[in-house]
Ligand code: HEM
Ligand SMILES: [Cu+2]
Ligand SMILES: [Cu+2]
């Protein structure tokens with residue numbers, strides 16, 4: 001049984017490797033990931049050889065040395081020579097394995113002399129990217145529609161592996177990632193780079209990569225981080241350096257303009273329908289993971305907003321908790337995640353949806369005034 | 001005076017038959033009764049934890065969310081892990097220790113019988129508390145059996161307090177059990193039974209007991225710090241207060257790695273008893289088996305951080321833990337080679353205990369291979385927290401620990417019940433388990449290599465086929481275990497009368513007493529110095 005499994009496995013792996021199929025580790029797109037893949041195959045083949053010898057001997061004796069063959073048992077039960085031999089030989093094999101592993105590990109941990117640095121921050125359940133040496137920063141959230149997850153729509157090709165705004169990095173340059181978290185531990189993983197590093201709250205980890213080929217690379221959070229751990233993918237786009245520079249400049253411009261626009265719009269107020277439409281959109285994107293689409297939350301974990309005294313009566317408290325979050329709970333500060341208009345809209349939405357009919361609107365200027373207090 | 005006489009009379013009584021009724025079980029200090037209760041308890045927990053696994057596999061049968069929401073899914077994985085580790089595997093080993101150690105060393109009972117009673121009877125309460133917490137508002141523990149902070153502290157629901165309390169009780173029970181094993185082995189061996197003459201099951205449990213005493217208090221410390229961080233304002237694991245969440249992982253795995261050996265060393269002892277019996281040939285390299293077990297136990301304190309390679313340790317620490325982890329496979333290899341050498345040129349028959357033991361050797365070795373792969377730090381970065389790890393530890397735990405427990409049950413059932421079990425049904429159980437366990441866990445290697453993280457309730461479509469196969473294997477394995485229940489009940493109720501020594505090649509004092517073993521055995525210790533145990537007539 002197992003011999004057959006092993007041989008099937010050996011036969012399968014080289015094919016799998018060529019096809020980059022769904023059965024083996026990826027070779028990835030960096031020098032490091034290739035070395036990691038080679039180590040993986042080496043140790044795998046070593047195990048196969050040992051397996052064939054050990055299981056071979058076992059099956060041999062299961063077939064030949066059975067009582068039904070009229071075998072009389074031998075009586076030997078000790079041999080210091082053999083025992084020393086099979087202690088030493090595995091030991092030597094391990095030394096042979098440890099040498100390339102050590103050099104690869106040392107290369108992986110050397111993040112000096114990088115060209116670009118990105119701060120990666122995990123929080124429940126999204127990633128935030130901030131480029132050093134430029135003013136670009138943004139959140140990256142799962143883009144798969146709820147209806148696909150709930151089996152109401154057919155699942156797309158990149159189901160659960162797609163985000164609204166991917167991280168963009170240049171090819172052929174050493175990119176350093178500084179990785180941390182705002183709440184629980186997450187782990188930032190892109191298999192094609194052979195980079196997996198935990199995001200620890202209050203501490204900063206380092207990792208790096210140097211990608212050879214432009215392309216889109218997908219990964220996932222790899223450390224259990226609460227309810228939606230399965231729904232926080234990582235998507236990285238690697239662009240040629242020139243294109244990357246263009247992209248970065250454009251982003252800077254867009255983000256600067258957005259800030260100006262925000263100031264300009266402060267003076268304008270939105271009517272209830274506008275607020276509710278935008279609010280619903282924001283709510284489903286940023287809040288429903290915890291408070292649920294129906295506003296009922298998960299009792300004992302995430303409070304209901306439907307009928308909540310705060311949403312019904314306490315406007316100031318409501319703005320405060322959405323803008324500043326509440327430390328020591330998973331309620332994050334959304335003040336720096338959403339625009340003033342979005343904040344106003346989502347607060348309005350929470351005060352008027354699911355039968356919370358306060359009829360009150362909150363405007364961007366109200367939120368702004370509160371934040372500047 | 002008269003009371004003393006009365007007590008003595010009563011005591012005499014015990015020699016012939018067990019007291020009856022519920023109180024027999026509640027107040028019993030008899031190692032055989034307590035052993036049976038441990039074994040039944042662990043089997044019930046195995047089924048409870050198994051049903052949770054069925055929920056998990058049902059949800060993962062297809063991509064998308066169908067049956068449970070992600071929060072409940074996390075509770076299922078967490079409680080499944082906790083129950084299987086602390087409720088199924090560990091109590092089963094303690095049950096076997098209770099039944100077999102006194103009989104194997106020629107002692108009348110465990111050394112501390114009242115503590116023995118207590119260490120069993122607090123267990124049902126521990127698990128009742130854990131299971132009850134699932135029904136609290138906010139649900140039960142949902143942070144994985146590894147309960148990493150701060151997910152288990154700041155970000156957990158209030159059932160955490162119950163979780164902490166129940167883990168404390170489990171820990172106390174294990175420590176008491178371990179003390180009992182050590183005291184029994186050190187003080188109650190029959191004359192002539194020197195340490196190097198003890199059966200390997202006794203040796204491996206002796207070493208396991210020391211591991212338990214060393215690390216269960218560490219676990220107790222970890223859960224207590226989680227409790228105070230969550231409720232009493234300490235900041236052991238909270239950077240904002242000067243603590244460090246990674247420190248939690250160091251503490252947890254300092255317990256956790258020896259814990260995985262606690263779950264496998266007694267298995268080594270079991271198959272070291274069974275393989276020689278059915279190969280009709282003495283165990284090869286007894287002394288090196290003992291030394292290898294001790295070496296594994298010693299090294300197991302030096303490898304904990306191999307579970308933490310991605311936490312961002314300094315390179316020298318990563319190298320140290322990589323080397324130590326690779327090293328631990330040397331003594332493990334020695335054991336496997338010794339089992340194969342024991343079979344070599346034997347006269348083998350394939351009764352069910354032997355079948356499970358052979359499957360153990362092969363499948364545990366496959367788990368050892370993936371363990372060796374995981375030890376290579378640069379590659380572990382890719383494997384870590386994927387289904388590859390899930391495949392690895394299920395190979396060592398299910399087709400390792402659990403299979404060895406099944407082997408032990410079939411091996412000693414005739415001694416426990418006085419009846420032979422139904423060999424045909426037992427073989428059916430074996431083949432059904434063997435095939436389904438591989439359908440269940442082997443494809444998980446591929447899912448992990450291809451990039452499927454563990455502990456997720458939904459996955460991208462490329463993993464759909466693999467998960468479907470795995471789930472089918474899962475249901476089949478779950479159902480197969482009901483055959484086991486059937487065989488055991490049938491065997492307890494009746495069956496062919498078992499002789500004192502039903503296995504031709506078996507050795508050891510337990511086979512010198514009649515089957516079923518009388519309520520009290522070895523009230524006068526057998527003298528093992530004069531005659532080899534198998535030549536003694538003690539019925
Ligand atoms: C042959 C010797 C073994 C080696 C070299 C080995 C190595 C490893 C390594 C390196 C990991 C960490 C993988 C990761 O998280 O990235 C791991 C995980 C694990 N191992 Fe082993 N192992 C061995 C035997 C065992 C045994 C005997 C058991 C239990 C009976 C066991 C149970 C586990 C468990 C439960 C985990 C998962 C921990 C988690 O939740 O992450 N291992 N092993
Ligand atoms: Cu996560
Ligand atoms: Cu370990």
Boolean, residue A:222 is within 16 Å of ligand 2 (Cβ to nearest atom) and buried (at least 24 other Cβ atoms within 10 Å of the Cβ): yes
Regarding residue B:441, is this residue crowded, with 24+ Cβ neighbours inside 10 Å, without any contact (Cβ under 8 Å) to a residue 60 or more places away in the chain and away from ligand 2 (no atom under 16 Å from the Cβ)? yes
Tell me yes or no: at least one residue of the range B:445-455 is within 16 Å of ligand 3 (Cβ to nearest atom), more than 30 Å from residue A:146 (Cβ to Cβ) and modelled with pLDDT of 95 or more. no
Any helices (runs of 4 or more DSSP H) falling wholly within the range B:1-65 and containing at least 3 residues that are farther than 30 Å from residue A:152 by Cβ and modelled with pLDDT of 95 or more: B:31-59
By residue number, the members of the range B:480-515 that are crowded, with 17+ Cβ neighbours inside 10 Å and either touching a strand residue (DSSP E or B) at 6+ places or on another chain (Cβ under 9 Å) or at pLDDT below 90 (or both) are B:491, B:495, B:498, B:515
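For (1) touching a strand residue (DSSP E or B) at 6+ places or on another chain (Cβ under 6 Å); (2) part of a helix (DSSP H, G or I); (3) surrounded by fewer than 21 Cβ atoms within 10 Å (Cβ to Cβ); (4) within 7 Å of chain A (Cβ to nearest Cβ), each residue gets a yes or a no:
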{"residue": "B:320", "(1), (2), (3), (4)": "no, yes, yes, no"}
{"residue": "B:326", "(1), (2), (3), (4)": "no, yes, no, yes"}
{"residue": "B:339", "(1), (2), (3), (4)": "no, yes, no, no"}
{"residue": "B:356", "(1), (2), (3), (4)": "no, yes, no, no"}
{"residue": "B:362", "(1), (2), (3), (4)": "no, yes, no, yes"}
{"residue": "B:388", "(1), (2), (3), (4)": "no, yes, no, no"}
{"residue": "B:395", "(1), (2), (3), (4)": "no, yes, no, no"}
{"residue": "B:399", "(1), (2), (3), (4)": "no, yes, no, no"}
If I ask for residues that are more than 7 Å from every other protein chain (Cβ to nearest Cβ), closer than 16 Å to residue B:311 by Cα and either within 16 Å of ligand 2 (Cβ to nearest atom) or buried (at least 24 other Cβ atoms within 10 Å of the Cβ) (or both), which ones from the range A:183-206 would you list? A:186, A:188, A:189, A:190, A:195, A:199
Which numbered condition residue B:316 fails, given (1) free of Cβ contacts under 8 Å to residues at least 40 places away in the same chain; (2) outside any helix (DSSP H, G or I); (3) farther than 17 Å from residue B:253 by Cβ: (2)
When the range B:284-313 is examined, which residues are found to be within 7 Å of chain A (Cβ to nearest Cβ) and not in a helix (DSSP H, G or I)? B:284, B:285, B:312
Would you be able to tell me the number of residues in the range A:147-176 that are within 14 Å of chain B (Cβ to nearest Cβ) and surrounded by 14 or more Cβ atoms within 10 Å (Cβ to Cβ)? 11
All but one of (1) out of contact with any strand residue (DSSP E or B) (no Cβ under 7 Å at 6 or more places or on another chain); (2) modelled with pLDDT of 95 or more; (3) assigned to a helix (DSSP H, G or I); (4) at the interface with chain A (Cβ under 9 Å from one of its Cβ atoms) hold for residue B:350; state the number of the condition that does not hold. (3)
I'd like the residue in the range B:266-317 that is at positive phi and more than 16 Å from ligand 1 (Cβ to nearest atom) and, out of all such residues, is nearest to the chain's Cα centre (by Cα). B:285
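The values are calculated or read from the model by the stated rules, or taken from the named source; none is laboratory data. For clarity, every value in this text was computed on a predicted model and none was experimentally measured. Cβ atoms come from the backbone with ideal geometry, glycine included; neighbour counts cover every protein chain shown.
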